[in-house]
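The values are calculated or read from the model by the stated rules, or taken from the named source; none is laboratory data. Bear in mind the structure is a predicted one, so any value in this text is a computation, not a measurement. A quick note on method: Cβ atoms are made from the backbone with ideal geometry, for glycine too, and the neighbour counts reach across all protein chains shown.
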Amino acid sequence: MRARAKRRGRRTSVSAESGASMDKDFTPRVIPKTDEQTRRIEEVVKSVFLFQALTREQLQKVVSSMEGREVSAGTDVITQGKEGDNFYVVETGEFDVFVEGANNGASVFHYKPGGSFGELALMYSAPRAATVRAVTDAKIWAVDRQTFRHFVVRSNMVRRQKYEQFLGQIPLFSKITDAERSQLADALQPAEFDRGNVIIQQGDDNYDEFKFYLLVQGEASVTITKNGQTAVVGELKEGDYFGEMALLEKKQRAATVTASSETVECAAMTLETFERLMGRKCRALSSAMCLRVP
Ligand code: 1OR
C-alpha cells in the first residue's frame, strides 16, 4: 500500500526576512466579491503550491485582494523581459508559455484551470522569464506584487531557508547558483511518512505522479523483490536522495523504499517542476536528474 504524504501542520513564525516586504502595517487591497466568486477562487487556489504555506487568515486576505480579469484568446498576460506586477491563478481557459530562443519558438509549457504563473519575477525581483499567452478566452485572478511578497514570499521563507541549506550539502547540486538553489528550495514540498510506510513501490509505472525525494530527516530502507524473495539492497539516511532512477529512464520503479525510522521527513519535487526550473541548466548538472532538456 502506498503511503499518503502528510502535510506538516507546523506553522513557524517568520523572523528572517531577506528581501520580502517587511511592512508590518501593510494592508492588502480588498476587492469586493460575491460569495460565489470567493468560493470559486478558494477552489482554484487549493492547487497553488505557493499558497500552501499560508495560514487560513493570510490566505483569506490574499483571496480578498485578488482582482478578476477576463482575457481574450491571443492576449499576452505576461511579456518576457518586462517587470513583474502580478501573480496569476487560472480559473478558466488555457495558456501557452513561450521563451525566446527556446523550443524553436514553440510553446514550452501549458497552463490549465488551477494553474498559476508569474511567481518568478515577483519572488526573485527578476524580469519576466517567459511570455504567457491565452490560447482560449480565459478568466484569471491577479495578486498584486506587494500582496504576493508580503504574504506568499514571507511565509515560504522558513521552508526555503531549511531546504536551501539542505540542497547546499548535496554534491549533485554543487554546480548550481545560489539563485537556482533558492528556486529549487521553493519548489520542494514536505512529505512525511511513518515507520513502515512505502514511499516508492517497486513496479510502479504511474510516471505522471513520479517525484524524486530528498531525505531530510530519518531513515528508509531500499528493497528489491525478485522471484518472491525480498532483499534489502540499501539504507538511506539524512542527506540522501532517491527516486531519480525511474525518472531518468522513464521505466517502472526499480525498488521499494520504505520508511524505517519512526518518522521520515522528505522534501519532494515532481520532475515537471524540476525541468521547469532547471531546464536551461540541466546539461551542467549530473545527467541523473536531467531528462528532456528543452
Ligand atoms: P515569471 O514571473 O518569470 C513568466 O513570468 C512566467 O511563466 C514565469 O514567472 C513562470 O511562472 C512561467 N521558464 C520560465 N518561466 C516559465 C516556464 C519556463 N514555464 C512557465 N513559466 N520554462 C523553461 C523554458 C526554458 C518552461 C519549462 C517547461
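Here is a yes/no grid of residues against (1) in a loop (DSSP other than H, G, I, E, B); (2) modelled with pLDDT of 90 or more; (3) of a type in the set (S, T, Y):
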| site | (1), (2), (3) |
| --- | --- |
| G9 | yes, no, no |
| T12 | yes, no, yes |
| S21 | yes, no, yes |
| T27 | yes, yes, yes |
| P32 | yes, yes, no |
| R39 | no, yes, no |
| Q52 | no, no, no |
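Give the residue, chosen from T256, T273, T230, that is without any contact (Cβ under 8 Å) to a residue 40 or more places away in the chain and β-branched (V, I, T).
Numbers: T256 fails: without any contact (Cβ under 8 Å) to a residue 40 or more places away in the chain; T273 fails: without any contact (Cβ under 8 Å) to a residue 40 or more places away in the chain.
Testing whether each residue is without any contact (Cβ under 8 Å) to a residue 40 or more places away in the chain and β-branched (V, I, T) leaves just T230.
Here T136 meets the list (1) surrounded by fewer than 16 Cβ atoms within 10 Å (Cβ to Cβ); (2) among the β-branched types (V, I, T); (3) modelled with pLDDT under 95 almost entirely, failing just condition (3).
Can you tell me which of (1) part of a strand (DSSP E or B); (2) under 19 Å from the mean Cα position of the chain (by Cα); (3) not small (G, A, S) is the one V222 doesn't meet? Status for V222: all satisfied but (2).
Just one of (1) under 17 Å from H150 (Cα atoms); (2) away from the ligand (no atom under 13 Å from the Cβ) fails for V71. It is (1).
Just checking: which of the helices (runs of 4 or more DSSP H) contained wholly in the range 116-191 hold 2 or more residues that are within 16 Å of the ligand (Cβ to nearest atom)?
119-124, 178-187
Scanning the range 81-104 for residues that are surrounded by fewer than 13 Cβ atoms within 10 Å (Cβ to Cβ) and within 9 Å of the ligand (Cβ to nearest atom) yields K82, G101. If you go through the range 238-256 and pick out every residue that is touching a Ser or Thr at 6+ places or on another chain (Cβ under 9 Å) and either farther than 27 Å from A185 by Cα or surrounded by fewer than 18 Cβ atoms within 10 Å (Cβ to Cβ) (or both), you end up with 1. I'm trying to understand the selection: among the residues of the range 64-79, which are closer than 25 Å to Q183 by Cβ and crowded, with 17+ Cβ neighbours inside 10 Å? If the condition is that a residue be closer than 25 Å to Q183 by Cβ and crowded, with 17+ Cβ neighbours inside 10 Å, then S65, M66, V77, I78 are the ones that fit. Kindly list, by first and then second residue, each pair from a residue in the range 117-141 that is without any contact (Cβ under 8 Å) to a residue 60 or more places away in the chain to a residue that is near the ligand (Cβ under 7 Å from one of its atoms) and in a helix (DSSP H, G or I), limited to pairs with Cβ atoms under 6 Å and residues at least 6 apart or on different chains. Partner pairs satisfying both residue conditions: R128/A121; A129/L120.
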